[in-house]
Amino acid sequence: MYLELKNINKSFAGFKAARDVSLGVEKGSLTALLGPSGSGKTTVLRIIAGLEAPDSGEIILDGRSVNELPGSQRGIGFVFQNYALFRYMTVYDNIAFGLQVQKKNKKEIKERVVELMELTGLAGLEKRYPNQLSGGQRQRVAFARALAPNPQLLLLDEPFAAIDAKVRGELRLWLKNMIHRLGVTSIFVTHDQSEAVEVADQIVIMNEGQIEQSGTPLQIYKRPRTPFVAQFVGDSSVIEGYERFAGFQRVPGADKAVLRPEFVECFRPDNKKLAAAMGAMERGTIQEIVFKGHCMELTLSVQGAGLRAQRSLERRPVQLGDEMMVLIYRMYVFDGENARLLENQELLKIPPDQVPAAQM
Amino acid sequence: MKKTQTKRFPLPVILAIFFAACFLVLPLIFVIVQALSQGIGAYLANITEEYTQKAMLLTLKTTVVVVLVNTVFGLFAAWTVTKYSFPGRKALTTLIDLPLSVSPVISGLAFLLVFGRTSPLYGLLEGIGLKVVYAVPGIVLATLFVTFPYISREMIPVLSAQGRDEEEAAALMGAGWFTIFWRVTFPHIKWSLLYGVVLCTARAMGEFGAVSILSGHLRGKTNTLPLHIEILYNEFRYSEAFAVSSILVILALLVLVLRSLIEHRGRKGEA
C-alpha cells in the first residue's frame, strides 16, 4: 500500500466529519472517494493533504507516518474544487509557482513548465490570466500546476464539478488517461457515481463520515454490501414486500429490496420464446413511458408495485396500458446493516439457453 | 409609453444635487473666497507665515508616521481576522471598529489618563526622557488611534471575499508566509489598500478632537494645522484662518481626486 489511513477521526465543532476511517491506496492507482455531500469525503482528502489535522488516527505515506509532517513536505499535488488558480498570475507563472518556491533554476523551471503545457494541451496560452480561460482550460492549468513539482500523490477535490456537462465527459477520459500515463497515484473526490465508475480503479464509498464499502467499480455495482451502497449506486429504487414476486422468497430479517431498471425486463405476451420461463414471470401493465434518448424507460404496474425497466428502441413498440410479461432477474435485499444479492429462484431451474433476454 | 420613459432629473436626483451644493460645495467655495478676499499677495503672506509653516510641517510629519504605522498594523489586523480562525476572532473584528464609534475627544481624554501626570506610566516614561502628553508623541498617538480602522476596514471585505483557497494552494506547494502574502494576497488587495491609505491620510490631516486634548496648543511646537486654524479664528484673524483652511481644503480635494483615480484603476484591474 502506498497510502494508508488508520482509524482517522475528525470533528468540527461537534460535527463528526470522519469516523474511524481506514483505507489503503495502491501505488499508481486511481481511487475515487464517492459519497453524497456532507459525507466527509473532502475532509478525508484534506487530512491526507495536511490541510486538516485528524483528531486521532494515523496517515502512512510510502511506509512512514506523516501525521507530523506539514502538507508541503508530503510530496502531494492538490487540485482544488474551484481550482484556486492564482488569478493575478499568468498561466505560466501559475504552473511555475511550485518550482519557483523550491528555488529551482530558471532554465529547469522553463523546461518543466513547457513540458507540462504541451502535455496538457495548453501550449500558446502561457501569457493568459485564469479569467481569460474556459472551464476546461482552467482545470488543465490546475492539473499542470499540481503536477509541476513531481508529486508522488495527486489529490483532486471534485475536479469536474465546475465544468459544464458536455465537456465533462471528455475531460474525465482525458484525466484518466493522463493519470495512467504518468503513473502518479491519485485520489479524487466526487459525488457523481457515474464519474467514479468511469474514471476510477478503486471506489471508496463514504456516508456520514464512515466508509461504507471499497472495491473496484464492478464489485461495488455487483456486490453492494450495505443498504446505503445498494441504494446510492446505480439507478436504484426501493420496494417493500418483494416476496410477492414470482421467484423470490422472503429472507428472514430483510424487509426491503433494491431494484435497478437493468434487473427488470419485459416482453410482449405473444413472444414465443417465453414458454420455459413462464413460472419466473409476472403480469404487468405499462403505466408510464419516458423517452430517454437511447432507450425507453417503462414503468410497469406489477402486483401493485411500480417497477422500472428499459426497452431498446429496436424492439417492437409498446403503448401505455399494454399488458406485458415482466421478468425480474435479481434484486438486492437488505436488513438494517447488510445487503445481499437475491437471484430469481425460478429462473435458476431452467436451462441457461432458455432464459429470456432482451434480444428476444 | 410616457410613464416608462426615465426623466433625466427625477426629484430624488434634484434633491441630492441641491443638498450636495448647499452643504458640501458652497462652504468650500466660501472658504476659498474668504481666503483670497484681501488679494493673492496677502493670501501668500498668510500661508507662508512662520507658525503656519511649522503647523503644516507638523501635520505632514504626523500624517506620514501615522499612515505608515497604520498601513502595517491595518494589514496585519485584516489578514489575521480573515485568514485565520482563532477564538476571539469576531471580538477582534469588532474591536478594530472601536475608534469609529468613540468620539475623538473621548479617545484624547483616555490617552491623557493613560500617559498624563496622574498615571503610573508617566514616571516611567519620564525616566527614559519621553514626554507624551502636550508633545508630538501624544499627537501621533491620538491620530493613530482615531485613524486605525480606515485601512483594515477597506481590506477585510476584499480579503474575506477571496477565501483561503489560493493561499492554501500556495502553502501546499511550500511557499512561506511572505511569498504567499507578496505574490498571492497582495496583488488582490493592492487597490483597496491604496484606497484605505488615501482615506487614512485625509483623516489624519484633519484630526482635531483627540489631538486638541493632547497637544497643549504650543504655537510652533505642538500645533497642527487644524489647531492652528482654531487659534487664528479665536484671535479674530479671519482672513488668516481662512487662508490656512484653504490649504486643508486643497489637500482634501487632492485626496478626492486620488481616490477616484484609484477607484477607477482598481475597477479596471478587476475586469
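The values are calculated or read from the model by the stated rules, or taken from the named source; none is laboratory data. Here the structure is a predicted model, which is why all the values come from computation and not from measurement. For neighbour counting, all protein chains shown are included, and Cβ atoms are generated from backbone atoms with ideal geometry for every residue, glycine included.
Please go through the range A:54-77 and pick out each residue that is more than 10 Å from chain B (Cβ to nearest Cβ) and without any contact (Cβ under 8 Å) to a residue 40 or more places away in the chain.
Within the range A:54-77, A:63, A:64, A:65, A:66, A:67, A:68, A:69 qualify.
Which one of the conditions (1) within 14 Å of another protein chain (Cβ to nearest Cβ); (2) in contact with a helix residue (DSSP H, G or I) (Cβ under 7 Å, 6 or more places away or on another chain); (3) touching a residue at least 60 places away in the same chain (Cβ under 8 Å) does residue A:176 fail to meet, given that it meets all the rest?
Answer for residue A:176: the failing condition is (1).
Condition test on residue B:182, is it touching a helix residue (DSSP H, G or I) at 6+ places or on another chain (Cβ under 9 Å) and within 25 Å of residue A:87 (Cβ to Cβ)?
no
Within the range B:182-193, can one find any residue that is at positive phi and without any contact (Cβ under 8 Å) to a residue 12 or more places away in the chain?
No, there is no match, as no residue in the range B:182-193 is at positive phi and without any contact (Cβ under 8 Å) to a residue 12 or more places away in the chain.
What do you reckon, is residue A:51 within 26 Å of the chain's Cα centre (by Cα), closer than 15 Å to residue A:156 by Cα and within 13 Å of chain B (Cβ to nearest Cβ)?
yes
For the range A:269-285, how many residues meet the condition of being of a type in the set (Gly, Ala, Ser) and surrounded by fewer than 14 Cβ atoms within 10 Å (Cβ to Cβ)?
2
Taking helices (runs of 4 or more DSSP H) that fall entirely within the range B:12-115, which contain at least 2 residues that are polar (S, T, N, Q) and over 15 Å from the mean Cα position of the chain (by Cα)?
Of the helices (runs of 4 or more DSSP H) lying wholly inside the range B:12-115, those with at least 2 residues that are polar (S, T, N, Q) and over 15 Å from the mean Cα position of the chain (by Cα) span B:50-83, B:89-96.
In this structure, does residue A:206 turn out to be outside any loop (DSSP other than H, G, I, E, B), in contact with a Lys or Arg (Cβ under 7 Å, 6 or more places away or on another chain), in contact (Cβ under 8 Å) with a residue 24 or more places away in the chain and not charged (D, E, K, R)?
When the stated conditions are applied, residue A:206 passes them.
Can you pull out the residues in the range A:139-189 that are more than 21 Å from residue A:111 (Cα to Cα) and among the basic types (Lys, Arg)?
A:166, A:168, A:172, A:176
Taking the options B:256, B:232, B:248, B:225, name whichever one is modelled with pLDDT under 85, out of contact with any strand residue (DSSP E or B) (no Cβ under 8 Å at 6 or more places or on another chain) and either more than 14 Å from every other protein chain (Cβ to nearest Cβ) or surrounded by fewer than 18 Cβ atoms within 10 Å (Cβ to Cβ) (or both).
Answer to the selection: B:256.
Kindly provide the set of residues from the range A:1-20 that are surrounded by fewer than 16 Cβ atoms within 10 Å (Cβ to Cβ), assigned to a loop (DSSP other than H, G, I, E, B) and in contact (Cβ under 8 Å) with a residue 12 or more places away in the chain, ordered by number.
A:1
Hey, among A:247, A:234, A:209, which residue is buried (at least 19 other Cβ atoms within 10 Å of the Cβ), touching a helix residue (DSSP H, G or I) at 6+ places or on another chain (Cβ under 6 Å) and at positive phi?
That would be A:247, the only listed residue that is buried (at least 19 other Cβ atoms within 10 Å of the Cβ), touching a helix residue (DSSP H, G or I) at 6+ places or on another chain (Cβ under 6 Å) and at positive phi.
For every residue, the table says whether it meets (1) buried (at least 17 other Cβ atoms within 10 Å of the Cβ); (2) within 15 Å of residue B:207 (Cβ to Cβ); (3) of a type outside the set (Asp, Glu).
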position	(1), (2), (3)
B:88	no, no, yes
B:102	no, yes, yes
B:113	no, no, yes
B:131	no, no, yes
B:136	yes, yes, yes
B:150	yes, yes, yes
B:156	yes, no, yes
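Name the residues in the range A:130-161 that are within 11 Å of another protein chain (Cβ to nearest Cβ) and in contact with a Lys or Arg (Cβ under 7 Å, 6 or more places away or on another chain), would you?
A:130, A:131, A:148
Quick one: would you say residue A:319 is among the polar types (S, T, N, Q), part of a loop (DSSP other than H, G, I, E, B) and in contact with an Asp or Glu (Cβ under 7 Å, 6 or more places away or on another chain)?
So residue A:319 fails the test.
Every residue, every condition in (1) more than 15 Å from residue A:147 (Cβ to Cβ); (2) within 14 Å of chain B (Cβ to nearest Cβ), yes or no:
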{"site": "A:79", "(1), (2)": "no, yes"}
{"site": "A:82", "(1), (2)": "yes, yes"}
{"site": "A:88", "(1), (2)": "yes, yes"}
{"site": "A:97", "(1), (2)": "no, yes"}
{"site": "A:102", "(1), (2)": "no, yes"}
{"site": "A:118", "(1), (2)": "no, no"}
{"site": "A:121", "(1), (2)": "no, no"}
{"site": "A:127", "(1), (2)": "yes, no"}
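Go through the range B:169-195 and give me each residue that's of a type outside the set (Gly, Ala, Ser), part of a helix (DSSP H, G or I), under 14 Å from residue A:101 (Cβ atoms) and facing chain A (nearest Cβ under 10 Å).
B:172, B:179, B:180, B:183, B:184, listed by residue number.
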